Amino acid sequence: MRNVKSVVHTYNAMKGRGIEIFYNLLSGKVFIADYFQNCNRNKFRKVPCISNDIHLENITTEYVLQEIAKIKQNELEFRINEKNTRKEQLKRYRKQRREHYLKRFKH
């Protein structure tokens, strides 16, 4: 919580100019990066600071925590979908192999 408060304070002090807020999924920390830093790595997610096509100058800790909850929910849904996709692919593969061997050995 202290980490989020300091990030929000810094963001509000700069009025959101030239900085973006990111969330690290591995460590669970929120940090600020300027527009020129590359934080597009695998486990970083950007906390959106745009509402109704307007860049927010002031944000609250509650807003950031809500966005982090959305990020976590999206990550969970992605993992569940990925797991289901792998199951489906495995089923198709097994079906194809079964048909191949049945056709080949004519049983």
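The values are calculated or read from the model by the stated rules, or taken from the named source; none is laboratory data. Please read all numbers here as calculations on a predicted model, not as lab measurements. When we count neighbours, we look across all protein chains shown, and the Cβ atoms used for this are built from the backbone with ideal geometry, even at glycine.
Taken together, the residues in the range 26-53 that are at pLDDT 85 or above, of a type outside the set (A, V, I, L, M, F, W, C) and assigned to a strand (DSSP E or B) amount to 2.
Okay, residues lined up against (1) of a type in the set (Phe, Trp, Tyr); (2) on the phi > 0 side of the Ramachandran plot; (3) surrounded by 14 or more Cβ atoms within 10 Å (Cβ to Cβ):
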{"position": "7", "(1), (2), (3)": "no, no, yes"}
{"position": "12", "(1), (2), (3)": "no, no, yes"}
{"position": "16", "(1), (2), (3)": "no, yes, yes"}
{"position": "21", "(1), (2), (3)": "no, no, yes"}
{"position": "40", "(1), (2), (3)": "no, no, no"}
{"position": "45", "(1), (2), (3)": "no, no, yes"}
{"position": "57", "(1), (2), (3)": "no, no, no"}
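The residue that is farthest from residue 28 (Cα to Cα), counting only those in the range 59-91 that are among the hydrophobic types (A, V, I, L, M, F, W, C) and surrounded by 11 or more Cβ atoms within 10 Å (Cβ to Cβ), is 59.
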